[in-house]
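Written out below as structure tokens is the structure these notes cover.
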Amino acid sequence: MEHVAGSGRSAATPLLAAELLIACGLSWSAGLIHVKAGIDHLHEHVLVSAAFGLLAAAQLVWGIALYRRPTRGLLAAGAALSLVVVALWGMSRSAGLPLGPDRWSPEPVGALDSVASADEVVLALLAFLHLRAGPAARGVAPLAAAAGMCLILLSSLLVALGGHAH
């Protein structure tokens, strides 16, 4: 498997590049929010709750996998999954989804689900910037990393305070 350039991972250097570590944290933050969403939706529809649980598991496992062995393919897959989730969230808030107990009924936008989507967008941006690794990417990466750190803190705070997740 090909390691990501600049990931800092080798037998001699066990450190992960800062933006990749932040991407792991964003994935874990979104995953925890989706665990909460699964719990919150358990009384409404078991399949919706299970979908949130599977998404949360995928996000948590992806973050662990990236931490342990970052590869270009893993970064690309995580960015793609994150953007698909954001697209589904946008659809669920604008037109509603074609599945579930409230088909085609838009859900209200909430703080936790908005932050989870922001986590996923910044994760995808960090992955893209790391994969590009050009001068323009190096200029934007510190800003995206700072935004990611703020989102991890905000996600943690909102999960700790409670409230409806999705």
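The values are calculated or read from the model by the stated rules, or taken from the named source; none is laboratory data. In this text, all values refer to a predicted model and were calculated from it rather than measured experimentally. When we count neighbours, we look across all protein chains shown, and the Cβ atoms used for this are built from the backbone with ideal geometry, even at glycine.
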For A80, are the conditions met, namely being touching a helix residue (DSSP H, G or I) at 6+ places or on another chain (Cβ under 9 Å), farther than 15 Å from H34 by Cβ, among the aliphatic types (A, V, I, L, M) and part of a helix (DSSP H, G or I)? yes
Does at least one position in segment 58-79 carry a residue that is buried (at least 21 other Cβ atoms within 10 Å of the Cβ) and among the hydroxyl-bearing types (S, T, Y)?
no
Selection over segment 108-124 where residues are in a loop (DSSP other than H, G, I, E, B) and either farther than 12 Å from A37 by Cα or without any contact (Cβ under 8 Å) to a residue 12 or more places away in the chain (or both) yields a count of 2
Selection from segment 37-57 of residues out of contact with any Gly (no Cβ under 7 Å at 6 or more places or on another chain) and crowded, with 17+ Cβ neighbours inside 10 Å yields A37, D40, H41, A51, L55
Worksheet item: Is at least one residue of segment 80-94 of a type in the set (K, R), modelled with pLDDT of 95 or more and out of contact with any Lys or Arg (no Cβ under 7 Å at 6 or more places or on another chain)?
Response: yes
**Message:** Regarding segment 46-57, can at least one residue be identified that is of a type in the set (V, I, T), assigned to a helix (DSSP H, G or I) and touching a residue at least 12 places away in the same chain (Cβ under 8 Å)?
**Reply:** yes
